[in-house]
Amino acid sequence: MIAATQENIGMLLALYNRMVMIRAFEESAIELFAKGLITGSTHPCIGQEAIPVGACSALEPDDLVLATYRGHGAAIAKGADPRYLMAELLTRTTGCCKGRGGSMHLCDKEKGFLGTNAIVAAHIPIAGGVALSCKLRKTRQVVLCFFGDGASCEGEFFETLNMSALWKVPLVFICENNGYAISVPTSASQATPDIADRARGFGIPAVSIDGNDVLEVRARTSAAVAHARQGYGPFMIECKTVRWERHSAFSAGRYENPEEAQRWKKVDPIPRFAQRLLEMGATVEQLNTEEVVARAAIQQAVEFAMDSPLPEPESVYEGIFAKPGT
Ligand SMILES: Cc1ncc(C[n+]2csc(CCOP(=O)(O)OP(=O)(O)O)c2C)c(N)n1
Ligand SMILES: [Mg+2]
């Protein structure tokens, strides 16, 4: 329980700002995709903002994060500049990966954001390796790995659970259980209702929580991060949430039932947190100010990206291969 002091309200308003910023970023991404300005695909995390914001707010700045292709929000929550992220979505030279990655491959090493990945579950063993490196080098950093319910059916997930538990690496698994893998509901792919049970099977402590409650996500992640930092090994938090109206900005993965497509709105974490903030003593003006500031930052990010050049065709191999010896 967080006391309603002015200092705490300031911190909570900053979380609210981040959630609105992510929402605005995703709304812009959908708009730009519809205009044909984003090539490939883009996977909004609309309705799931409480998870990256709550979880990343429990980290120290030098802790490390890996996420999925639905990871724009995780990148923003870890502190990556939305201008460079938006420029990456539009494959501009100013993008965080110089326009080589696009929407599904965002990275900001300076901010400890080690990347999103288009291959389902492929980043989970990478996160295990990063956590092992932190342990061997005694850096005291903790690694946070976001992944979906669909990814939790992949062998790489189980292998990483096993080895990370065996080697007690400082890794926190954050499952974003949004109930669907494209068009497959978890009821058709999971034998048990809680994905957290799988971690327990490997001796990893795990909890299933309401992923649309940003303060719950923050509190649980803080405890898990402390556990990992103290050398007790991995921890898993299953955040139950509801996916937005389709899998990606493409029409693929739409819910067949139109009512289901709107289900996320009933549990939207942003108005829910706004209500909580008002009850804790924040004012409507304060919330409005955060909203205006967050949306203006994304408007600037879009303008920055649109004004940035596309890479020259002859630069196609630049920044792709490591130079020998580096
Ligand atoms: C190894 C692999 N298999 C299949 C795909 C195609 N694919 C892309 S997203 C996705 C669903 C993943 O669902 P989930 O892990 O629940 O994440 P969500 O999209 O719900 O965030 C699939 C099967 C892929 N990208 N990689
Ligand atoms: Mg899913």
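From Val143, Val172, grab the single residue that is away from ligand 2 (no atom under 15 Å from the Cβ), within 28 Å of Trp264 (Cβ to Cβ), touching a helix residue (DSSP H, G or I) at 6+ places or on another chain (Cβ under 7 Å) and open to solvent by less than 10 Å² (accessible area, probe 1.4 Å). If you could, list the steps in order and put the result at the bottom.
On the way: Val143 fails: within 28 Å of Trp264 (Cβ to Cβ).
Every option except Val172 fails the conditions.
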Exercise. Within segment 9-55, which residues are of a type outside the set (A, V, I, L, M, F, W, C), within 21 Å of Leu215 (Cα to Cα) and either open to solvent by 40 Å² or more (accessible area, probe 1.4 Å) or free of Cβ contacts under 8 Å to residues at least 12 places away in the same chain (or both)?
Worked result: Gly10, Arg18
For this session: Would you list the helices (runs of 4 or more DSSP H) that sit entirely within segment 244-326 and hold 1 or more residues that are touching a residue at least 40 places away in the same chain (Cβ under 8 Å)?
Result: 263-266, 269-279, 284-307
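Can you tell me which residue within segment 72-121, out of those that are outside any loop (DSSP other than H, G, I, E, B) and of a type in the set (Lys, Arg), is nearest to the chain's Cα centre (by Cα)?
Here the answer is Lys111.
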Exercise. Which residue, of Thr186, Thr192, Thr221, is over 27 Å from Phe273 (Cα atoms) and hydroxyl-bearing (Ser, Thr, Tyr)?
Worked result: Thr192
Exercise. Which one of these does Asp62 not meet: (1) surrounded by 24 or more Cβ atoms within 10 Å (Cβ to Cβ); (2) under 22 Å from Ser222 (Cα atoms)?
Worked result: (1)
Exercise. Could you give every pair whose Cβ atoms fall below 9 Å, whose first residue belongs to segment 178-207 and is open to solvent by 30 Å² or more (accessible area, probe 1.4 Å), and whose second residue is more than 15 Å from ligand 2 (Cβ to nearest atom) and of a type in the set (Ser, Thr, Tyr), counting only separations of at least 6 or pairs across chains?
Worked result: Arg198/Thr192; Phe202/Ser164; Pro205/Tyr232
For this session: Would you check if Gly179 is more than 14 Å from Phe235 (Cα to Cα), more than 13 Å from ligand 2 (Cβ to nearest atom) and among the small types (Gly, Ala, Ser)?
Result: no
Exercise. Hey, does segment 239-249 have a residue that's open to solvent by less than 20 Å² (accessible area, probe 1.4 Å) and on the phi > 0 side of the Ramachandran plot?
Worked result: no
Seminar exercise, completed: Condition set away from ligand 1 (no atom under 16 Å from the Cβ) and part of a loop (DSSP other than H, G, I, E, B), scope segment 122-144, selection nearest to Arg243 (Cα to Cα): answer is Val142
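The values are calculated or read from the model by the stated rules, or taken from the named source; none is laboratory data. Computed from a prediction, not measured in an experiment: that's the story for all the values here. FYI the Cβ positions are ideal-geometry reconstructions off the backbone, even for glycines, and counts take in every protein chain you see. For the accessible areas, the whole protein counts, side chains as well, though only heavy atoms, and no ligand, DNA or RNA atoms are used. Shrake-Rupley method; radii C 1.70, N 1.55, O 1.52, S 1.80 Å.
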